Structures are given as structure tokens and as C-alpha cells.
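The values are calculated or read from the model by the stated rules, or taken from the named source; none is laboratory data. Everything quoted here is computed from the prediction, not taken from an experiment. So basically every Cβ, Gly included, is an ideal-geometry build from the backbone, and we count neighbours across all protein chains shown.
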Amino acid sequence: MKPWGKFLSSRNLWILFFILFLTACSENKEEKNSLPSEENQPTFGHKSEYTLADKLEVPWSITNKDDMFYISERHGTITSFHESSGKTERLPVHFRKKLFTGGEGGLLGIELVPNTNIEAFVYHTYEESGNVFNRVIRIVKEKDAWRETEVLIEKIPGTQIHNGGRIKIGPDKKLYITTGDAAVPESAQNTENLSGKILRIEFDGSIPSDNPFKGSPVYTYGHRNPQGLAWTEGGQLYETEHGQSAHDEINMIIPGNNYGWPDIQGDEQKADMETPIYHTNGDTWAPSGMLYHNGKLYIASLRGEAIRVYDIERKEVNIQIKGYGRIRDIFFKDASLYFITNNTDGRGTPAENDDRLIKIELK
């Protein structure tokens, strides 16, 4: 081969190498860009994802016993899902007072009564003599329906918006209830009024002797529309609530304290009022159900359309899961995250199979 031919052959090899290098860089760039931004990186990875149940009817809350999940639906039904068999069943709830489903009302929170087969506490909106209220009742599951058996507390002020609605059993075996301000902000500051509060009662509706206000179910006050409750392993209660025009809050709950609404929000301060440990400033999450796991609060968000994770120690927030639309409630069991979407409530954009109960196994 002539010297110039050898040079040409070597040059061609270098050109080929350069083209391959550029292609590899381009592919790596595309792969990198396909990942979430650093802000949105999950706190731990997913192993697999399953849609367990679909076509739920405006679901609001999840509770669980063994392999069975129970999901309250705002129009007055409870859908049960058996994880082992994959079977679902929707049964109506027979209330003694007329269910009100206008606006944000309806059948909201549900929590199973321990050591029963099978009974539940539920929170629901009702109409009486032209007025709207909320109440907590006890119901029992029968063959073809759930039936109301006992009233724990009622005449909680209600309206088209800000009904609160979360009920949870605390580690102290008391029932905790969140109530909204029912669109009357100043009522949240009145400890004689049940709106804009976290309430704490016994399973029979009586008042615990160690409640901060003697003879009253009021546990804390000054809340706007709280919908998330979760306890750490040490028994510390945290709460999330909807702010006015953003300023959604995460609060560390101290019995008897005033959380400021409507007098303060965000970083504002006032004597004898608590500021949140975190607030969303100009962003809107519309936080709903919440759980605690391993030093972090997992928060379902509606308008924010994601599950967000707040690291209590580091005071940092990351997006754990998104892409499902509005998320109403969340549950943790056996290293898996369960959540319900809420795209059929008139404010979302439902897919054909919405709403859904989804399970994500975690690494």
C-alpha cells in the first residue's frame, strides 16, 4: 500500500471512531434527560407497580385488615378489595341521617374498629332542617350493606367546602378527627365551636379525661381544612392542612395549642400561635392523606398531583410518586405503598379506568 493510502485508511478509522463517540454521547444525554430532575428523585426505588382496583367512585379514604382493603366513596358506598383473590365488592352504607354529597361533602374518612369482624368508624356530611353538618358514626358490615349502629359525635359544622373529614386511631387508642372551618374562618379560633379543629374522643364518643380542654373533644384549634394525620414511632402527631391561596402546611401537633388560622399563615407569627414546621409558600399541594414511615412523612396531594415525602430531620421535601393525577389517600403495608387516585371528583381529568387503588412495592 502506498504511504498516502495508509494515511487515508488511518484517517477513516479516526473519523469512524469520532462518529461512534458522538453517537454514544447523544445516547447518554437522552438517557440522562429521561430521568426525573434531582428535585423529583424518589427517596427510594420502585420494584413493581400494580393497579389493584379501578373504576372507584370518588374514593376518599383507605383502611385495611389483613388482606382486605376498605375504601370509602363520597356518594355513600364502601368498596372492599381482597388482595389475595383480587375480588372487589361495593356495598352501600345505610345512614340514619341523609347523606349530603354537595361540594366536598359526602362519605369521607373511614377507620376500622379494632378487634371486630367487621365494624368501622366513618365521617360523613349530612343535611338536617336545611343545614349542613358532619358527624362520626359507627357502622357494621352485613351481607348486603353497611348499617349505622351508633353516633359518636355530630353537629360538626359543615358546608360545600372545608369539611375536614380524616379520622384516625392514635397510638393511645383514642379516635382523632379533623374538621374544617366550614367556610367560616373565625370559627377556627372559637374553642366552643367544633369547626377548624382536631378532635379527640373515646371509641364510644365520650371525652377523654386528659383532653386539654376539660369536657371538650377539642384537641387543637386554629385549623383551616386539615386532612392528614400521622404519628411517629415515639407518638408525636403531625398534621397537614390546606392553606388559603397556597401556604399549605405541615404542623407538629401539641395538645391544646392554637395553629393560627385565620390570624396567621405561612411564616407569620403571633403570640400564643403555632407556625407550621413547613409550608408551601406560593405553591399549592392541597395535601390530603398522610402516613409516617422511617423518619419521613408521605403526603398525598390533590392539586399537587403527587406523593411528596417530607424528611422530618433534614426538613427537606422530595416528590416520591407522580403521573397519576390527583392523589387522595395513602397507606403503607409490608414494604409496599398503596394509594387511591381522586380524578373523578369533578376537579381532575379522569382516565378511562379512574379512579384506582394502586400498589407500589418498594426496594
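Below is a table of values for the structure above.
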item: Any hit, the range 311-321, residues being surrounded by fewer than 18 Cβ atoms within 10 Å (Cβ to Cβ) and at pLDDT below 95; result: no
item: Residue that is assigned to a loop (DSSP other than H, G, I, E, B), polar (S, T, N, Q) and at pLDDT 95 or above, where the choices are Ser80, Ser85, Ser61; result: Ser85
item: Complete set of residues in the range 321-353 that are within 16 Å of Ala306 (Cβ to Cβ), in contact with a Ser or Thr (Cβ under 7 Å, 6 or more places away or on another chain) and not polar (S, T, N, Q); result: Tyr324, Gly325, Arg326, Ile327, Arg328, Asp329
item: Members of the range 104-163 that are buried (at least 20 other Cβ atoms within 10 Å of the Cβ) and hydroxyl-bearing (Ser, Thr, Tyr); result: Tyr123, Thr125, Tyr126, Thr159
item: In the range 115-132, the residues that are in contact (Cβ under 8 Å) with a residue 24 or more places away in the chain and either not in a loop (DSSP other than H, G, I, E, B) or not assigned by TED's automatic domain parsing to the domain that holds Leu152 (or both); result: Glu119, Ala120, Phe121, Val122, Tyr123, His124, Thr125, Tyr126, Glu127, Glu128, Val132
item: Residues of the range 329-363 classified as basic (Lys, Arg) and closer than 14 Å to Ala53 by Cβ, total; result: 2
item: Condition met for Gln269 (in a loop (DSSP other than H, G, I, E, B), at pLDDT below 95 and at negative phi); result: no
item: Lone qualifier among Ser245, Ser288 - being closer than 21 Å to Gly180 by Cα, assigned by TED's automatic domain parsing to the domain that holds Gly170 and either in contact with a helix residue (DSSP H, G or I) (Cβ under 9 Å, 6 or more places away or on another chain) or free of Cβ contacts under 8 Å to residues at least 40 places away in the same chain (or both); result: Ser245
item: Criterion (crowded, with 16+ Cβ neighbours inside 10 Å, more than 21 Å from Met290 (Cα to Cα) and out of contact with any strand residue (DSSP E or B) (no Cβ under 7 Å at 6 or more places or on another chain)) met by exactly one of Ala188, Ala183; result: Ala183
item: Selected residue [among the β-branched types (Val, Ile, Thr), assigned by TED's automatic domain parsing to the domain that holds Leu302, assigned to a strand (DSSP E or B) and touching a residue at least 24 places away in the same chain (Cβ under 8 Å)] from Ile156, Ile161; result: Ile156
item: Flag if Gly256 is within 24 Å of Gly165 (Cβ to Cβ), loosely packed, with under 14 Cβ neighbours inside 10 Å, of a type in the set (Gly, Ala, Ser) and out of contact with any His (no Cβ under 8 Å at 6 or more places or on another chain); result: yes
item: Filter pass, Gly215 being within 21 Å of the chain's Cα centre (by Cα) and either small (Gly, Ala, Ser) or not assigned by TED's automatic domain parsing to the domain that holds Phe121 (or both); result: no
item: Strands (runs of 3 or more DSSP E) contained in the range 291-337 and holding at least 3 residues more than 14 Å from the chain's Cα centre (by Cα); result: 316-322
item: Residue check for Glu274: under 24 Å from Lys168 (Cβ atoms), acidic (Asp, Glu) and part of a strand (DSSP E or B); result: no
item: Enumeration of residues in the range 123-177 that are closer than 14 Å to Pro217 by Cβ and among the charged types (D, E, K, R); result: Arg135, Glu154, Lys155, Lys174
item: Unmet requirement for Ala351, which otherwise passes all of (1) over 26 Å from Asn251 (Cβ atoms); (2) surrounded by 21 or more Cβ atoms within 10 Å (Cβ to Cβ); result: (2)
item: Of all residues in the range 90-103 being in contact (Cβ under 8 Å) with a residue 40 or more places away in the chain and part of a strand (DSSP E or B), the one that is surrounded by the most Cβ atoms within 10 Å (Cβ to Cβ); result: Val93
item: Unique residue being within 18 Å of Asn225 (Cβ to Cβ), polar (S, T, N, Q) and assigned by TED's automatic domain parsing to the domain that holds Ser61 when the list is Asn318, Asn342, Asn294; result: Asn342
item: Of all residues in the range 126-148 being touching a Leu at 6+ places or on another chain (Cβ under 7 Å) and of a type outside the set (Phe, Trp, Tyr), the one that is farthest from Arg328 (Cα to Cα); result: Asp144
item: Filter result (assigned to a loop (DSSP other than H, G, I, E, B) and either modelled with pLDDT under 95 or of a type in the set (D, E, K, R) (or both)) within the range 164-222; result: Arg166, Asp172, Lys173, Lys174, Asp181, Glu192, Glu202, Asp204, Asp210, Lys214
